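For reference, the structure discussed in these notes is given below.
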Amino acid sequence: MPLRCIDKDGLKDETALRGYRLIEKYSEKGFIPKEDIDEELLLFFDSEKLAFPVNSQKDSLSWGMRILTLQDLEIPYIIREVVKTSCDWKKAVADYFRKIGEKEPENFVKIVGDLIFQRKGFLISGDTITSIARKYGKDGGAVIAELKGAGIISPYSGCGRAVSKLEKIYGSPLYEINRFLMKLVEKSFI
């Protein structure tokens with residue numbers, strides 16, 4: 001599979017290349033063993049939202065609550081699908097939602113596109129997601145749950161005051177969007 005997913009000239013950074021090759025190698029299994037990871041890769045995976053430590057604070061599924069140490073890393077389902085489709089984000093999203101039993105998986109391609117273009121930075125509010133879901137005849141709560149399960153969004157966590165301030169500006173609750181997927185979507189519209 002070519003490594004030309006983000007930049008038209010491919011991934012040039014050595015750490016990014018090593019990381020993406022590990023994602024390719026372990027996408028079927030869903031986990032990257034800690035023996036294959038170093039600190040640079042751990043930071044790369046976390047920054048791009050490509051893989052996350054299995055352990056978290058308070059057993060939270062939030063990406064921000066994951067304990068960032070060298071340990072086995074879980075690859076989100078959407079990233080597994082992205083790898084299988086040679087970075088065709090539309091096919092990856094449709095395939096994932098078809099697999100989980102959605103009757104109209106193509107609507108989720110539109111929903112994800114809308115999420116990306118209505119976000120503020122890398123954040124989006126639950127209210128905005130609910131509004132987008134309604135546009136496609138879907139229940140907002142169910143869509144949020146499915147997007148979280150796919151690894152497309154995660155509840156945003158951080159310092160209490162900072163999060164409260166962001167929620168006042170953008171709405172609440174806040175969700176973080178998978179940055180790698182966000183870049184794929186944006187590049188497809190350039």
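Tabulated results
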| item | result |
| --- | --- |
| Backbone HN-Hα couplings from phi across the stretch 33-43 [Karplus 6.51/-1.76/1.60, Hz, Gly and Pro as x] | x, 4, 5, 8, 10, 10, 4, 4, 5, 4, 5 |
| For Glu48, solvent-accessible area (1.4 Å; no DNA, RNA or ligand), Å² | 30 |
| Where the stretch 75-125 is the region considered: accessible area per residue in Å², 1.4 Å probe | 44 |
| Loop sites in the stretch 69-120: trypsin sites (Lys or Arg not before Pro), DSSP, at most 11 other Cβ within 10 Å | Lys103 |
| Where the stretch 9-55 is the region considered: accessible area per residue in Å², 1.4 Å probe | 52 |
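The values are calculated or read from the model by the stated rules, or taken from the named source; none is laboratory data. Computed from a prediction, not measured in an experiment: that's the story for all the values here. Cβ atoms come from the backbone with ideal geometry, glycine included; neighbour counts cover every protein chain shown. The accessibility values were calculated without ligands, DNA or RNA, using every heavy atom of the protein model including side chains. Shrake-Rupley method; radii C 1.70, N 1.55, O 1.52, S 1.80 Å.
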